[in-house]
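Each remark here refers to the structure printed beneath this line.
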Amino acid sequence: MAWDLAPDPRAVSRARALTRRTLRRWRVTGRDDTDDIVLIVDELVTNAVVHGTGPVHLALRLDATRSGVRLTGEVGDADPRAPGTTPGPPPVLDWSEAGRGLLLVACLATEFGARPAPPGKTIWFTRDLDPLDTPALTVDAQLDTPPD
């Protein structure tokens, strides 16, 4: 599933709604998985709107793996600059709310990274889903039907 979103603050709430709806259609029912994935998408789309340029591209994919199911998400924009990350915890305890989005993504995703996608970049993440909360992945017409 993929969507192009306008580069404005409303894109963030739209991305959350699209993500929740898609996860529900894919029968991803684990509350922790669902809430964490929606938060990851929220943070990445917010970064694309605030720090990127051009339309924001959101894509979600569900794949079967040897151990269960993996969700892959991608958020792209037209700005080629890679996001800034600081390794490890901040040197001084900082209670500000700004600047912690990628730290949240790093904590909640199985993996994440960035790659050039001319003219801009794509930030990607994966999340291994709890097999007890996710039914066996099957070829299903719902997976190819865009959400309303």
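Residues of region 14-38 that are open to solvent by less than 60 Å² (accessible area, probe 1.4 Å) and over 21 Å from Phe112 (Cα atoms): Ala17, Trp26.
Selection of region 40-82 for residues being of a type in the set (Asp, Glu), within 16 Å of the chain's Cα centre (by Cα) and more than 22 Å from Arg21 (Cβ to Cβ) yields only Asp77. Among the residues of region 74-93, none qualifies, meaning not one is of a type in the set (S, T, N, Q) and modelled with pLDDT of 90 or more. Ala109 meets each of the listed conditions (1) touching a Gly at 6+ places or on another chain (Cβ under 9 Å); (2) at pLDDT below 95 apart from (2). Screening Val41 against (1) surrounded by fewer than 15 Cβ atoms within 10 Å (Cβ to Cβ); (2) at pLDDT 95 or above leaves a single unmet condition, (1).
The values are calculated or read from the model by the stated rules, or taken from the named source; none is laboratory data. As the structure is a prediction and not an experimental result, all values here were calculated from the model. Here Cβ is always computed from backbone atoms with ideal geometry, including for glycine, and neighbour counts include all displayed protein chains. All accessible areas refer to the heavy atoms of the entire protein, side chains included, with ligands and DNA or RNA removed. Shrake-Rupley method; radii C 1.70, N 1.55, O 1.52, S 1.80 Å.
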